[in-house]
Structures are given as structure tokens and as C-alpha cells.
Amino acid sequence: MEPENGFEARLAQLLLADPTRLQILKAVEALSVDSAFVAAGFLRNLVWDALHAIHPPTPLNDVDVIYFDNTDPYPHAASDYQAQLASQLPNVRWQVKNQAVMHKRNGDNPYTGIVDAMRHWPEKETAVAVQLHQGSFTFVSGFGFESLFNGRLSWNPARDQRTFLHRVEQKQWLSRWPKLQITMP
């Protein structure tokens, strides 16, 4: 098993080789929201493309920006952040979500932070995120990076299995990345 920092070093190499993703990370950094990370397919697809030797990278359908602020008195902050990002990079389909309020939509107990929120996402490999700050990457994951780099697509038992299976079919991940192995604990 590779140590997490080994996976993080590989992620950093992949990001540094992708000017589009670096531009996106710089735009999010410019928001000056300490807890803002770019998550989900932004990293997941990058790794799966590398595992399948897909060049150029799979286009990003959207860019998921997550942050955690459970003291935010302004309920429209996520929309404002999304508008700021869209003004910087208008060709990107931004999705900005405060993870401190997502438990309401999901019917969960309140989340305690970004990683706790990610532990409630339908697939384990989607629960990955990165932040750029002063030229350095910070990576977080709800379940680690090993299964992502091992080409797994794992159901998270914290979510309904039908939701997971629907997403696998709807998003056609196995068609795009046929070497992936579905894991059902």
C-alpha cells in the first residue's frame, strides 16, 4: 500500500501537467475562502484518465467547489461565490455548495467539516478534493486515495445503493473508463 502522501504527490504531478485545472484552482484560490476546495470529478476523472492513458483529459462537465461554513449568516454566499467564479472563468460550469448545510438535503445529521460531509457522498472515489494556496496543494478525502488509484468505483454504504448504481449508469463511467472495477462492500 502506498502512503497517502505518495498518492498526493502523484495527484500534484497530474495537476501540474494540466493548465486548465491549474487555472480553475487559481480562480478558487482568488475567492479567499479558507475552506474552499475543488472536489469530485475534478480529481477523480483526472486520475481515471491517467489510469486509462486518455489524452487529452476528459472534459469537465462541471466544477464542484465545496466549502464549510456553519456560521455563515448570509444564505446566498454560495451563489455569490459561484457568480464570482463565473466572472473569472465564464466557460466553466461552476457548482458551489456549502457543505455545512448539505445534511438537510441529504437527511443526515449535521456534518462537522468538509471531510465528514464527503464521507456521505455516494461513491468513495468521488470524495476527493484539492485546494491551492500560495503555490501548494492541500488534498483531502473522505476515504483516502488508494481505491481511486487502484481503479475502483466503490459504493459508500452511507448512501442508498440504488443511488450509487443509478449514478454509475447515468454518468456512463464504465463506458468511458472500462478498466474500473465496481466494489460493493
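The values are calculated or read from the model by the stated rules, or taken from the named source; none is laboratory data. In this text, all values refer to a predicted model and were calculated from it rather than measured experimentally. Backbone-built Cβ (ideal geometry, glycine too); neighbour counts: all protein chains shown. Just the protein is used for accessible areas: all its heavy atoms, side chains included, with ligands, DNA and RNA removed. Shrake-Rupley method; radii C 1.70, N 1.55, O 1.52, S 1.80 Å.
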Environment charge at L132 (Cβ cut-off 14 Å; Lys +1, Arg +1, Asp -1, Glu -1): -2
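Of all trypsin sites (Lys or Arg not before Pro) in segment 127-185, which ones are in loop regions per DSSP and have a Cβ with at most 11 other Cβ atoms within 10 Å?
Values: sites: R152, R159, R162, R167, K171, R176, K179; in loops: R159, K179.
Of the trypsin sites (Lys or Arg not before Pro), the ones in loops of segment 127-185 whose Cβ has at most 11 other Cβ atoms within 10 Å are K179.
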FRET efficiency, K179 to D116 (Cβ-Cβ, R0 30 Å, nearest 0.05): 0.45
Principal axes first, then extents: for the Cα atoms of segment 90-185, list largest minus smallest coordinate on each axis, whole Å, largest first. 36, 34, 30
With unit charges on the beta carbon (Lys/Arg positive, Asp/Glu negative), name the residue among Q170, Q99, P185 whose Cα is farthest towards the positive pole of the charge dipole of the chain. Q170
Taking a probe of 1.4 Å and leaving out DNA, RNA and ligands, the chain shows per residue an accessible area in Å² of 53 Å²
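How high is the FRET efficiency between K171 and T20 when r is their beta carbon distance and R₀ equals 25 Å, given to the nearest 0.05?
Numbers: r = 20 Å, r/R0 = 0.81.
Using R0 = 25 Å, I get an efficiency of 0.80.
Based on the Cα coordinates of segment 46-87, what is the per residue volume of their convex hull in Å³?
Taking only Cα atoms, segment 46-87 has a hull volume of 85 Å³ per residue.
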Charges at C-beta only: +1 for Lys and Arg, -1 for Asp and Glu. How large is the resulting dipole of the chain about its Cα centre, in Debye rounded to 20? 560 debye
Any chance you could list P(r) for the chain, counting all Cα-Cα pairs in 10 angstrom bins from zero, rounded to whole %? 9, 37, 39, 15, 0
Can you pull the percent of the chain's accessible area that's carbon plus sulfur, 1.4 Å probe, other chains left in place? 49 percent
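Let me make sure I get this right: for segment 1-108, a, b and c are the square roots of the gyration tensor eigenvalues over alpha carbons, sorted descending. Under 1.5 in a/c it's rounded, otherwise prolate if a/b > b/c, else oblate. Which is it?
Details: a/c = 2.02, a/b = 1.52, b/c = 1.33.
Prolate, since a/c reaches 1.5 and a/b exceeds b/c.
Net charge around H55, counting only other residues with Cβ within less than 13 Å of its Cβ (Lys, Arg = +1; Asp, Glu = -1)? Mind showing how you got there, number by number?
Values: positive: none; negative: D18, D49.
That works out to -2.
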Give me the number: length gained by fully extending D80 to S32, i.e. 0.36 nm times residue separation minus the C-alpha to C-alpha distance, one decimal in nm. 16.0 nm
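Note down the Stokes-Einstein diffusion coefficient of segment 1-56 in µm²/s, whole number, using a Kirkwood radius over alpha carbon pairs, 20 °C, and 1.002 mPa s.
Numbers: Rh = 12.4 Å.
After rounding, the answer is 173 µm²/s.
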Can you spot the lysines whose alpha carbon is less than 30 Å from K97's alpha carbon? Ignore those fewer than 8 places along the same chain. K26, K124, K171
